[in-house]
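Enquirer: Handing you a structure now.
The values are calculated or read from the model by the stated rules, or taken from the named source; none is laboratory data. This one's a predicted model, so the numbers in the text were calculated from it and none came from an experiment. Neighbour counts run over all protein chains shown; Cβ positions are idealised from the backbone, glycine included. What goes into the accessible areas is simple: the full protein's heavy atoms, side chains included, and nothing from ligands, DNA or RNA. Shrake-Rupley method; radii C 1.70, N 1.55, O 1.52, S 1.80 Å.
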Amino acid sequence: MRSLWILLSGLIICLVASVPRHAEAVGCDTPTEANCTGTYCEFHCSSGNDRIVLGELKYGGAWQGVGVCVFNTTWPNAWVDREMAITDSADYRVFGGDGNDIMRLAKYNGGSGEACDSGWTIHPLFDDSSDTFMFWGDAGTDNIHLCGTEGTVEPSDSDCRYTDANHNAGRADGRAGADSLYGSPRIEEMWGGSENDTIKTFSGSDTLHGGPNTDTLDGGEGCDALYGDDPAPTTDGDTCYCGPYTWEGDAYECQYPSHCPGCFDGPEGGSQAVAPYDTDPDGGVEYCPDGG
């Protein structure tokens, strides 16, 4: 009987061990009810130079939940941690922690996603089409991408995530550190935070906030609003590149505008040209007065 009990115990242990579990707090803390609600879910990652990937986690092709996979960029893309949200949420927020991180959405890869430990994959999808997400860089020189790419060229639609036909589901805040933020072909809002940041949003009618210090803002194609967010726009040192077409009517607040047709500032329902600087950004911005 004792031998049979040992045999059965070993079998139970083997069966339990074969069920995949998400890792405990190695790269990101396991969410609890305190920071994962029906409204939002937060992932707080630890210090270090990490590649943090957000998306839908699958095991053996079966959906498991929205989560993050963390890879160590010091070693050649070595897997560090995997965390899932324990509560279905409408908004997923990822905090990179201190260190020089790469933060992005999972890659599409023709529908196969990316490997995330044995048997696990992560995909640029969520369980609800209206779900949104946000990357917070924290301290360090971070590279944040709203799509599943890490380059400086415009990503394809398949590598991005949208809440509808026009709006990207993601937004980003570099926070402390000299960060680089990259958008998508659709509409989004991005914040550089403190220090000298670079923000590039590609296509779409985007809103860019540089924050304190000397920033470089590139709206790309589309009708954009670019703000250095400094108290003295004529001397803040920020550079705004409104895009390839001067007729798109971009609004800007920078000392060094490039390819910008003018700034249109006024209350809702009307606009007036106040080029070359937006001296009253809180008065309400009406850009693209011609619908460009």
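Enquirer: Looking at the range 115-136, can you tell me whether even one residue there is closer than 21 Å to G48 by Cα, outside any strand (DSSP E or B) and within 14 Å of the chain's Cα centre (by Cα)?
Expert: no
Enquirer: Still on this structure, please answer the following. Would it be correct to say that C116 is at pLDDT below 90 and open to solvent by less than 50 Å² (accessible area, probe 1.4 Å)?
Expert: Answer is yes for this residue.
Enquirer: Across the range 131-153, which residue is modelled with the lowest pLDDT among those that are open to solvent by 10 Å² or more (accessible area, probe 1.4 Å) and farther than 24 Å from A176 by Cβ?
Expert: By that ranking, first place goes to G151.
Enquirer: State all residues of the range 98-112 that are assigned to a loop (DSSP other than H, G, I, E, B), crowded, with 23+ Cβ neighbours inside 10 Å and out of contact with any Pro (no Cβ under 6 Å at 6 or more places or on another chain); if no residue qualifies, say none.
Expert: Residue satisfying the conditions is D101 alone.
Enquirer: Right, here's the next one. Could you tell me whether any residue of the range 89-97 is touching a residue at least 24 places away in the same chain (Cβ under 8 Å), at positive phi, in a loop (DSSP other than H, G, I, E, B) and open to solvent by less than 20 Å² (accessible area, probe 1.4 Å)?
Expert: yes
Enquirer: In the range 181-214, how many residues are touching a residue at least 60 places away in the same chain (Cβ under 8 Å) and surrounded by fewer than 20 Cβ atoms within 10 Å (Cβ to Cβ)?
Expert: Total meeting the criteria: 0.
Enquirer: Might you let me know whether the range 42-62 holds any residue that is open to solvent by 70 Å² or more (accessible area, probe 1.4 Å) and modelled with pLDDT under 80?
Expert: no
Yes or no, residue by residue, for (1) surrounded by fewer than 21 Cβ atoms within 10 Å (Cβ to Cβ); (2) touching a helix residue (DSSP H, G or I) at 6+ places or on another chain (Cβ under 9 Å); (3) more than 17 Å from M134 (Cβ to Cβ):
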{"position": "P155", "(1), (2), (3)": "no, no, yes"}
{"position": "R161", "(1), (2), (3)": "no, no, no"}
{"position": "R175", "(1), (2), (3)": "no, no, no"}
{"position": "D179", "(1), (2), (3)": "no, no, no"}
{"position": "G222", "(1), (2), (3)": "no, yes, yes"}
